[in-house]
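One structure is given here, and the rest of the page talks about it.
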Amino acid sequence: MTVQLDHIIPYLQTAKEVISSLDTDARNGLSVREAGERLKKYGKNELMAEKPVPAWRKFLAQFHDVLVILLLVATLISAGMWLYERDSALPYEAIAIFAVVLLNAIMGYVQQARAEEAMAALRQMTAAQASVVRDGKRQNIPATEIVPGDIIVIEEGNTIPADARVLQSTALQTAEAALTGESLPVLKDDLQITEEVGLGDRDNMIFSGTIAVYGHGRAVVTATGMQTEMGRIAGMLKETPVETTPLQKELQRVGKMLGIIVVAIAVVIIATILLVEDVHGFSALFDVLILGVALAVAAVPESLPAVVTVVLSLGVQRMARKNAIVRHLAAVETLGSANVVASDKTGTLTKNEMTVLAVITASGRVNLEGTGYAPEGEVHKEGGEKIDGDLQFEFVRALAAADRASNAVLQERGGRWVVHGDPTEGALIVAARKAGLEAEVLNARLERIAEIPFSSERKLMSTVHNDTEQKERILAFTKGAPDVLLARCTHELVGDEIRSLTEERRSEILTRNEKLAGEALRTLGVSFRVFPKKAIKQEDFDEDVEKDLVFLGLIGMIDPPRMEAKEAVARAMAAGVRPIMITGDHPKTATVIAAELGIPIHGEAVTGAELEKMPEDKLDRTVQEVSVYARVNPEHKLRIVKSLQRGGAIVAMTGDGVNDAPALKTADIGVAMGITGTDVSKEASDIVLADDNFATIVAAVEEGRAIFSNIRKFLRYLLSSNLGEVMIMFFGLLLADVIGLTEAGDNGLVLPLLATQILWINLISDGPPALALGVDPADPGIMKEPPRPREEGVITRSMWAGNLFTGAIMAVGTLLVLDASLPGGLIEGSGSLRYAQTMAFTTVVFFSLFVVFNARSDKQSAFIGMFSNKWLWGAVFLSILLQVMVVYIPFLQQAFSTVSLSPVDWLLCAAVASSVLWLRELSKIFVRAMEDKTKRDLT
C-alpha cells in the first residue's frame with residue numbers, strides 16, 4: 001500500500017494523479033481486504049466524541065436524590081445509636097435501610113444502563129449508509145467504514161460521507177452552507193484547479209456532512225473522520241444527549257406533583273404522630289422521622305423516568321426487528337394517536353419490483369413475459385405471434401433508448417438478479433435484455449457524454465451519446481411521463497422512417513396510454529433526437545435538448561400490490577386509521593391499485609393539477625373524502641398534510657425524495673423509505689422503514705399503541721400500590737384506637753408498618769413487576785380501538801378513579817388483618833405487635849402482587865391473557881420468594897422486625913389481598929356495562 005495521504009492536495013491535482021496517490025482504482029475501487037486494512041490504519045470515519053462518563057460516577061448519581069440522602073443520614077444516625085446503646089448483636093435497622101437503598105440504587109443503575117444501551121443501539125440503527133464501489137461492485141456500507149481511496153457513488157439527496165475528489169459529475173450540485181456559509185448549491189466538476197483557492201471555490205471537491213441536492217456523480221475519498229474539513233472545524237463532537245419525550249416530561253411533572261403531595265402527607269403524618277402519640281426520647285423521635293422519610297420514598301415513583309426510558313427503548317427495538325426504525329422516541333407516543341397514514345404507492349403499497357409487460361409502438365403492441373428482475377421471458381405480439389418487420393425494428397429502438405436513458409445497474413448475485421438504482425430504470429434494462437440488447441454492445445456503440453437528470457417539475461430525463469458507428473452524429477434519448485413527453489415530440493418513428501406526428505396520432509397514443517393505465521400499468525414514453533456533431537457543443541446540452549423529439553413508443557410496466565398490504569389496509573381501517581394513497585402515477589393506475597388494496601376510492605382520484613387549482617376551503621373538504629391522489633408532486637404532499645391537520649387529523653406521511661422533506665417534517669410522523677429514500681428524507685423523518693412496506697407502518701402503529709398501553713399499565717400499578725401504602729399509614733394512625741394499635745404499643749408509638757418494611761415493599765413493587773408490565777404483550781383488541789385522542793393525558797380520570805379505589809381496598813384489607821392479629825379493636829385477636837405488623841406487611845406485598853394483574857387494564861378482565869406474559873409471572877414468584885426470606889431467615893427477621901408465620905397466616909394474607917382482584921373485576925364489569933349502554937344509546 002503506497003497511499004500518500006498526508007502529502008496530497010487533491011483539488012490541485014488531476015483526477016488520475018489523486019487516484020494514483022491513493023493507490024486505488026477509479027473503476028473497481030478498493031478490494032474488500034485493502035479497505036479492511038485501511039480501516040485499521042486510519043480508524044472509523046467518525047468525529048471524536050467526549051469521553052464516556054465512568055460507571056462509578058453513574059452509580060453515585062443514583063444517590064443524588066434528597067430523600068435518598070436523608071435515608072443515608074438516617075442509616076448513619078441509627079448505626080450511631082446502636083453503638084451507644086448496644087441493644088442488639090448488630091445494627092439491624094441501619095443495615096436494613098442501607099441494604100434497601102443500595103438495592104434501589106443498583107436497580108436504578110441497571111435500568112439507566114439498559115436505557116443507554118438501547119439508545120446507543122437505536123443510534124446505530126439510524127447511522128448513515130454510503131454507496132461505494134469495492135471489488136468492482138457497488139454496495140452499501142455504514143458511512144463509518146469508509147476509508148481513504150474508496151470510490152463513492154453520490155446521488156441526489158445523499159449526505160456526503162467524507163471529503164472526496166470528484167471523478168465524474170452529471171450536473172452534481174451540493175449544498176455547502178453548513179461548512180462554507182454559501183447559501184446557493186455549488187455545481188461540481190472533475191477539472192483540476194491550478195492555484196490555491198478557499199474552501200468555497202474548490203469545485204472539484206465534495207465535503208463530509210454536505211448534501212447532494214441535484215444530479216449524481218462519483219468521487220474518490222481523500223479524508224475521513226477528524227481529517228475532514230468538517231472534522232477540523234467541529235473539533236470534538238459532544239455525545240448525543242438522551243432524548244426526552246413529551247411523555248417523559250409529563251411523567252416527570254406527575255412524579256413531582258405526587259412527590260409534593262406525598263411529602264406533605266408524610267409531614268402531616270409525622271405531625272399527627274407527635275401530637276397524638278406519646279413519643280418519648282430521641283430513639284422514638286428518630287423512628288418517627290425515619291418513618292416519614294421512608295413513606296415519602298416509597299410513595300414517590302422515582303423509577304418512572306427510568307422505567308419509561310427502558311420500555312420505550314425496548315419497544316423501539318422490537319419495532320426495529322419489524323423493520324420500523326424509530327429516529328425520535330416522541331414518534332412512539334404520536335403513533336398511538338395517528339388516524340391518517342398517507343402513503344406513497346410504489347414500493348410501499350406495491351412490491352417495488354417493476355416489470356415491463358408491454359411496449360406499444362407505431363406498428364403495434366409487444367408483450368413481455370416473466371416477472372421480477374431476471375432477464376428471462378418470452379417476447380411476442382399481442383396475439384402470441386413472433387414479432388418481426390417494422391414492429392421488431394421499433395420495439396428494439398424503443399428499448400435501446402430506454403436502456404441508455406437509465407442509470408440503474410443490473411447484477412446477478414448468488415443466482416439472484418438485483419437492481420442498484422431506480423426500480424423503474426431497472427425494469428427498462430431487464431426488458432432491453434429480454435429483447436436481446438446486451439449492455440456491452442450498447443456501451444461500445446453509444447458512449448454517454450452528458451445527462452439532463454430527472455426532475456419532478458419536468459417529469460423527464462435525458463442522456464446524450466456519441467454514436468461510434470455514425471461518428472458525424474450525436475444521439476439524445478429522453479424518457480418520461482407520456483403526456484409531457486408527447487407535447488415535446490414533433491415526429492414519430494414508423495419502421496425505419498421518421499414521420500411527422502399528426503394530431504390524430506397524438507390522440508391515438510394518448511388513448512393507448514389511457515388503456516394501459518386502465519390495466520393498472522405504469523406508463524413511460526421514450527423518444528430520441530439526432531444532432532449533427534459539428535453543430536453542437538457539449539456545454540449546450542441542457543433542457544433545450546428535450547424538444548423537437550422523435551417519439552419511439554409507450555412502455556407499460558406493473559408494480560404488483562404487496563399481498564400483505566391489502567391485509568394491512570384492512571387492519572388500519574379497523575383501528576380507525578384512514579389509509580390515503582399518494583402517487584405520481586396515472587390516475588387510472590392509482591384507482592385500480594387502490595381498489596385492489598381495499599382503499600376507499602370515493603369516485604375518481606384527484607390529480608396534482610387539480611390540487612394546485614383548489615382554494616384552501618375546497619381542499620379541506622376534499623381531503624376529508626378523497627383517499628387517492630395521482631400525478632402528485634412533493635409540493636402537493638405538503639398541501640395535503642397541512643389540510644388534513646387543519647381538519648384535526650394526526651398524520652403519518654411517507655416520502656423518499658429530497659423534495660419530500662418539508663412534508664415529512666410537517667407531518668405528525670414523517671416516515672422515510674429505508675431502501676429508496678434519500679439521506680435528506682431520512683434526516684427529516686421520525687421513522688425509517690427498512691423494507692419500504694406499508695404493512696410495516698401499520699405494525700409500527702400497533703407497536704406504538706402497545707408501548708403506550710404498557711406505560712399506562714405500570715403507571716396504574718405503581719400509583720395504586722403507592723396510594724394504598726399512604727392510605728394504610730394515614731388511616732392506621734388515625735384509627736389506631738379503633739383497631740387496637742394503641743393498646744399494643746409499649747412506649748406509646750405504634751405504627752401499622754415500620755420504615756424498613758415500607759422501603760422493602762417499595763423495592764418489590766417498583767422493581768421486577770413494574771418492568772415486567774412494560775413488556776406485556778399487546779392487547780388482542782388494541783387494533784380494534786379508535787386512536788387515542790392527542791389531548792388525552794397519560795393518566796386519565798378513569799385511571800385516577802381506579803387507582804383510588806384500589807388503594808382504598810388495600811388500606812381496608814390491610815388494616816382489618818392488622819386488627820384481627822391484635823387483642824382488642826373491632827376484631828379480637830391474640831398476637832403480638834410484631835406478629836400483627838408482619839401480617840400487615842405480608843398482606844400489603846400480596847396486595848401489590850394481585851394489583852399487578854388488575855393493572856393490565858381498566859376495563860378488560862384480568863383473567864383474559866393472564867398467562868401470556870411469562871416475565872410477569874417470574875416477577876411475581878421472585879417477589880413472593882423474597883418475602884418468604886424476609887419472614888423466615890433470622891438475620892432478615894431482625895432487620896425487618898418480622899416473625900415467622902404459619903401456613904394459615906399466609907393463606908389469610910393471600911385471601912384478603914385477593915379481594916382487590918375480585919372487587920376490581922366487579923368494577924370492570926360495571927364499567928363495561930356502562931360503555932355498552934352508552935354505545936346502544938348512541939346507535
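The values are calculated or read from the model by the stated rules, or taken from the named source; none is laboratory data. The structure displayed is predicted, hence computed values, not measured ones. Cβ placement follows ideal geometry from the backbone for every residue including glycine, while neighbour counts extend to all protein chains displayed.
Pick out the one residue from Thr170, Thr144 that is modelled with pLDDT under 85 and of a type outside the set (A, V, I, L, M).
Result: Thr170 is the single residue among Thr170, Thr144 that is modelled with pLDDT under 85 and of a type outside the set (A, V, I, L, M).
Please go through the range 506-539 and give me each residue that is polar (S, T, N, Q), closer than 15 Å to Val359 by Cα and touching a residue at least 12 places away in the same chain (Cβ under 8 Å), ordered by number.
If the condition is that a residue be polar (S, T, N, Q), closer than 15 Å to Val359 by Cα and touching a residue at least 12 places away in the same chain (Cβ under 8 Å), then Asn513, Thr523, Ser527 are the ones that fit.
Check the range 865-883 and report whether any residue there is part of a loop (DSSP other than H, G, I, E, B), aliphatic (A, V, I, L, M) and either under 17 Å from Val916 (Cβ atoms) or touching a residue at least 12 places away in the same chain (Cβ under 8 Å) (or both).
yes
Which is farther than 20 Å from Val268 by Cβ and modelled with pLDDT under 80, of Asn747, Asn710?
Asn747
Do we have Ala672 as within 29 Å of Pro789 (Cα to Cα), of a type in the set (Gly, Ala, Ser) and out of contact with any helix residue (DSSP H, G or I) (no Cβ under 6 Å at 6 or more places or on another chain) here?
It is false that Ala672 is within 29 Å of Pro789 (Cα to Cα), of a type in the set (Gly, Ala, Ser) and out of contact with any helix residue (DSSP H, G or I) (no Cβ under 6 Å at 6 or more places or on another chain).
Quickly run through the range 339-361 and pick out the residues that are buried (at least 20 other Cβ atoms within 10 Å of the Cβ) and over 30 Å from Gly648 (Cα atoms).
Hits for the range 339-361 are Lys351, Asn352, Met354, Thr355, Val356, Leu357, Ala358, Val359, Ile360, Thr361.
Within the range 886-909, how many residues turn out to be assigned to a helix (DSSP H, G or I) and more than 25 Å from Ala820 (Cβ to Cβ)?
The total comes to 4.
Among the residues of the range 727-744 satisfying the criterion of being in a helix (DSSP H, G or I) and crowded, with 22+ Cβ neighbours inside 10 Å, which is modelled with the highest pLDDT?
Ile728
Examine the range 680-687 for a residue that is outside the structural domain of Asn854 (by TED's automatic domain parsing), of a type in the set (S, T, N, Q) and in contact with a helix residue (DSSP H, G or I) (Cβ under 6 Å, 6 or more places away or on another chain), and state whether such a residue exists.
yes
Go over the candidates Arg134, Arg138 one by one and state the one that is surrounded by fewer than 21 Cβ atoms within 10 Å (Cβ to Cβ), modelled with pLDDT of 85 or more and touching a His at 6+ places or on another chain (Cβ under 9 Å).
Arg138
Restricting attention to the range 534-545, does a residue exist that is within 22 Å of Arg631 (Cβ to Cβ) and buried (at least 19 other Cβ atoms within 10 Å of the Cβ)?
So far as the range 534-545 goes, no, none of its residues is within 22 Å of Arg631 (Cβ to Cβ) and buried (at least 19 other Cβ atoms within 10 Å of the Cβ).
Name every residue in the range 186-209 that is closer than 22 Å to Thr24 by Cβ, assigned to a loop (DSSP other than H, G, I, E, B) and not acidic (Asp, Glu), in order of residue number.
If the condition is that a residue be closer than 22 Å to Thr24 by Cβ, assigned to a loop (DSSP other than H, G, I, E, B) and not acidic (Asp, Glu), then Lys188, Leu191, Gln192, Ile193, Arg202, Asn204, Phe207, Ser208 are the ones that fit.
Is the range 529-548 home to any residue that is closer than 25 Å to Gly426 by Cβ, basic (Lys, Arg) and assigned by TED's automatic domain parsing to the domain that holds Val494?
Yes, the range 529-548 contains at least one residue that is closer than 25 Å to Gly426 by Cβ, basic (Lys, Arg) and assigned by TED's automatic domain parsing to the domain that holds Val494.
Out of curiosity, is Asn407 in contact with a His (Cβ under 8 Å, 6 or more places away or on another chain), modelled with pLDDT of 90 or more and either of a type in the set (A, V, I, L, M, F, W, C) or in the same structural domain as Met461 (by TED's automatic domain parsing) (or both)?
So Asn407 does not fit the description; no.
Taking the conditions exactly as written (surrounded by fewer than 23 Cβ atoms within 10 Å (Cβ to Cβ), assigned by TED's automatic domain parsing to the domain that holds Gly553 and more than 20 Å from Phe395 (Cβ to Cβ)), does Ser462 satisfy them or not?
So Ser462 does not fit the description; no.
Can you tell me which of (1) more than 21 Å from Ala590 (Cα to Cα); (2) under 25 Å from the mean Cα position of the chain (by Cα) is the one Val651 doesn't meet?
(1)
State which residue is surrounded by the fewest Cβ atoms within 10 Å (Cβ to Cβ) when the search covers only the range 209-221 and only residues that are at pLDDT 85 or above and not aliphatic (A, V, I, L, M).
It comes out as His216.
The rows are residues; the columns are (1) modelled with pLDDT of 90 or more; (2) touching a helix residue (DSSP H, G or I) at 6+ places or on another chain (Cβ under 7 Å); (3) polar (S, T, N, Q).
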{"residue": "Arg445", "(1), (2), (3)": "yes, no, no"}
{"residue": "Lys459", "(1), (2), (3)": "no, yes, no"}
{"residue": "Val464", "(1), (2), (3)": "yes, yes, no"}
{"residue": "Leu486", "(1), (2), (3)": "yes, yes, no"}
{"residue": "Glu492", "(1), (2), (3)": "yes, yes, no"}
{"residue": "Ser500", "(1), (2), (3)": "yes, no, yes"}
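Where the second residue is modelled with pLDDT of 80 or more and β-branched (Val, Ile, Thr) and the first is closer than 12 Å to Val288 by Cα and buried (at least 24 other Cβ atoms within 10 Å of the Cβ) and lies in the range 748-766, which pairs have Cβ atoms under 9 Å and are six or more apart or on separate chains?
Qualifying pairs under 9 Å: Leu753/Ile728; Leu753/Ile761; Leu753/Thr814; Leu753/Val844.
Return the residue satisfying two criteria in turn: it lies in the range 507-533 and is among the β-branched types (Val, Ile, Thr) and within 46 Å of the chain's Cα centre (by Cα), and of such residues it is surrounded by the fewest Cβ atoms within 10 Å (Cβ to Cβ).
The extreme case among them is Thr511.
Condition first: without any contact (Cβ under 8 Å) to a residue 60 or more places away in the chain and part of a helix (DSSP H, G or I). Now tell me which residues in the range 540-554 satisfy that.
Answer for the range 540-554, where residues must be without any contact (Cβ under 8 Å) to a residue 60 or more places away in the chain and part of a helix (DSSP H, G or I): Asp540, Asp544.
Scan the range 858-867 residue by residue and report those that are within 26 Å of Leu763 (Cβ to Cβ), surrounded by 14 or more Cβ atoms within 10 Å (Cβ to Cβ) and under 30 Å from the mean Cα position of the chain (by Cα).
Correct list: empty.
For the range 588-647, list the helices (runs of 4 or more DSSP H) that sit wholly inside it and hold at least 1 residues that are at pLDDT below 90 and closer than 23 Å to Met557 by Cβ; which are they?
Output list reads 608-613, 634-646.
Which of the residues belonging to the range 410-431 are in contact with a strand residue (DSSP E or B) (Cβ under 9 Å, 6 or more places away or on another chain) and crowded, with 19+ Cβ neighbours inside 10 Å?
Of everything in the range 410-431, those that are in contact with a strand residue (DSSP E or B) (Cβ under 9 Å, 6 or more places away or on another chain) and crowded, with 19+ Cβ neighbours inside 10 Å turn out to be Leu410, Val419, Gly421, Thr424, Glu425, Gly426, Ala427, Leu428, Ile429, Val430, Ala431.
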